[in-house]
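**Student:** Following this message is one structure expressed as structure tokens.
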């Protein structure tokens, strides 16, 4: 079996579990098993046309699947799959501060 590591923000859709064991030979099979067992996860991981969302990154044993065979990446017994959502930074809202306060930065 492989183990899927669920990030904290998605655990509420996965029965509050941090990891879920799945039996699969590819990443695609593992992810299909995950969303079959926890259907609420699907909308957070996949687009309406079934593609993995652009901000969702998957790793097998710390290797980014985008540089392997993507979702066709083969799995071995005991592999770890990590779901890592991209985190975007914000911008400094200078208009909320006086000019003198901004100069202090």
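**Student:** Return a yes/no flag: does segment 77-84 have any residue that is closer than 16 Å to residue 2 by Cβ, in contact (Cβ under 8 Å) with a residue 24 or more places away in the chain and exposed (fewer than 13 other Cβ atoms within 10 Å of the Cβ).
**Tutor:** Checked against the condition, which is being closer than 16 Å to residue 2 by Cβ, in contact (Cβ under 8 Å) with a residue 24 or more places away in the chain and exposed (fewer than 13 other Cβ atoms within 10 Å of the Cβ), segment 77-84 yields at least one hit.
**Student:** Being in contact (Cβ under 8 Å) with a residue 60 or more places away in the chain and closer than 17 Å to residue 84 by Cα is the filter here; which residues of segment 1-55 pass it? Break it down stepwise before answering.
**Tutor:** If we filter segment 1-55 for residues that are in contact (Cβ under 8 Å) with a residue 60 or more places away in the chain, which is where we start, we get 1-7, 9-10.
2, 3, 4, 5, 6, 7, 9, 10 - these are the residues of segment 1-55 that are in contact (Cβ under 8 Å) with a residue 60 or more places away in the chain and closer than 17 Å to residue 84 by Cα.
Just so you know, all these numbers are worked out from the coordinates, no wet-lab data involved. Note that this is a predicted model, so its numbers are computed, not measured. Note: ideal-geometry Cβ built from the backbone for every residue, glycine included; neighbour counts use all protein chains shown.
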